[in-house]
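Below: the structure, in structure tokens.
The values are calculated or read from the model by the stated rules, or taken from the named source; none is laboratory data. Computed from a predicted model, the values in this text were never measured in an experiment. For neighbour counting, all protein chains shown are included, and Cβ atoms are generated from backbone atoms with ideal geometry for every residue, glycine included. The accessibility values were calculated without ligands, DNA or RNA, using every heavy atom of the protein model including side chains. Shrake-Rupley method; radii C 1.70, N 1.55, O 1.52, S 1.80 Å.
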Amino acid sequence: MKFSIDSNIIIAVVLPTHRLHATSIKHIKDRHEYGFVLSSTALKESVTTFRNRLNHTISEKIMPILPPLLDNTKSKIERDAYLIKSFRQLKQDNPSISDFLDLIYKDIAKFVAENDGDQLPSFLSKISYKHSQLLYQKLEMIYPHDIQLISLNHDHRSDVQKITAEVYFKDAHDKMILEDLMTNLPKIVPLEFLTGDKEFTKKIGKVYGNCLLFYGLDESCFTCVFVAQ
């Protein structure tokens, strides 16, 4: 048996305060005896999404509150109090990015405690890159064996595209992840695919049966698992 995960599960694993964090880690640890197959598209999407969300949060929410933190005439106690108050208000006003604010807060709090405030902008410019590059390493820390990366198998691409043509994917990455999996299916079955996206689960359900039929595989060869909190 093998398993694979969607990009939203990768992000949930990395963000300690994500609503699916504990559940996603448990799902992976429960499958330590399975082979881990990871779509290269899912990994790339999670890295890009993570970096973009962090960059947007920093530029739109964090940069406007920086001036008092850059003032080295203020005491450490004053800066700490300001930092806590500011982030508490940011989380209250922006609940949808609360997970990313928590991540950034920990980095800033540690940096301000150990460095002069005027170095903070330079530090912030590197946060998104640093965290996005750690995604794969986080997965390796949870899963103790080798992770098999797969990408689109062009030998079966045209056939799979015909099979999936009837389903509209609003997110192009979802379609690409599905194609990564389905074009490689004979080599990676039996497979469980974990996703936290209910809509994606429904769309996969509409097409995977025909892919199994195309390859001459039975229903036990593929399962899509919706990961809920």
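Sketch the reach of a paramagnetic label on D116 as a point 7 Å from Cα along Cα-to-Cβ, and name the residues of the stretch 64-104 whose backbone nitrogen lies under 11 Å away.
From the stretch 64-104, the list is 72-73.
In straight Cα distance, which lysines are under 24 Å from K175, not counting same-chain residues fewer than 8 positions off?
Within reach: K2, K44, K162, K187, K198, K202, K203, K206.
To the nearest 10 degrees, how steeply does helix 76-93 sit against the main Cα axis of the chain, on a 0 to 90 scale?
Helix 76-93 and the main axis of the chain meet at about 40 degrees.
As a test of the formula, what do you get for the chain when each DSSP H run with n ≥ 4 contributes -39,500 (n - 2.57) and the sum is divided by the residue count, at 222 nm and rounded to the nearest 500 deg cm²/dmol? Walk me through the numbers before you get to the answer.
Details: 12 runs with 137 residues, N = 229.
That calculation yields -18500 deg cm²/dmol at 222 nm.
Percent of Cα-Cα pairs per 5 Å bin, from 0 to the last occupied bin, for the stretch 19-140, please list those.
Using 5 Å bins, I get a P(r) of 2, 9, 18, 20, 16, 13, 9, 6, 4, 2, 0, 0 for the stretch 19-140.
Which of I127, I77, I28 ends up with the largest GNM mean-square fluctuation for the chain, with Cα atoms connected below 10 Å?
I77
Subtract the Cα-Cα distance of L134 and Q92 from 0.36 nm times their separation in residues, and report this length gain in nm to one decimal.
Working: separation 42, 0.36 × 42 = 15.12 nm, distance 2.77 nm.
Roughly 12.4 nm would be gained on extension.
Ranked highest first by the average count of other Cβ atoms within 10 Å around their residues, in what order do 36-42, 113-119 fall?
Put in order of decreasing packing, that is 36-42, 113-119.
Let me understand the chain better: what is its radius of gyration from the alpha carbons, and its Dmax, in angstrom?
Final numbers for Rg and Dmax: 20.9, 72 Å.
Considering only V189, A165, S24, whose Cα is most displaced toward the positive end of the charge dipole of the chain, charges sitting on Cβ of Lys, Arg (+1) and Asp, Glu (-1)?
Value computed over the given set: S24.
Keeping all protein chains in place, calculate the accessible area per residue for the stretch 52-134 (probe 1.4 angstrom), answer in Å². Kindly include the intermediate steps, with their values, before the conclusion.
Working: 4800 Å² over 83 residues.
Ligands and nucleic acids excluded, the result is 58 Å² per residue.
Label points 7 Å out from Cα along the Cβ direction at T223 and M63: separation in nm?
Result: 4.8 nm between the two label points.
Using a/c under 1.5 as the rounded threshold, could you call the stretch 151-206 rounded, prolate or oblate? The axes a ≥ b ≥ c are square roots of the C-alpha gyration tensor eigenvalues, and prolate needs a/b larger than b/c, oblate otherwise.
Numbers: a/c = 1.84, a/b = 1.21, b/c = 1.52.
Because a/c hits 1.5 or more and a/b fails to exceed b/c, the stretch 151-206 counts as oblate.
To the nearest 0.05, how large is the calculated FRET efficiency for K187 and K76 if R₀ is 45 Å and r is the Cβ-Cβ distance? List each step's numbers first, then the result.
Working: r = 57 Å, r/R0 = 1.26.
Here the calculated transfer efficiency is 0.20.
What percent antiparallel are the DSSP beta bridges of the chain, to the nearest 5? Don't skip to the end; give the middle numbers.
Values: 0 of 15 bridges.
Within the chain, antiparallel bridges account for around 0 percent of the total.
Roughly what angle does helix 120-132 make with the longest principal axis of the chain, taking Cα atoms, 0 to 90 degrees, to the nearest 10?
The answer is roughly 20 degrees.
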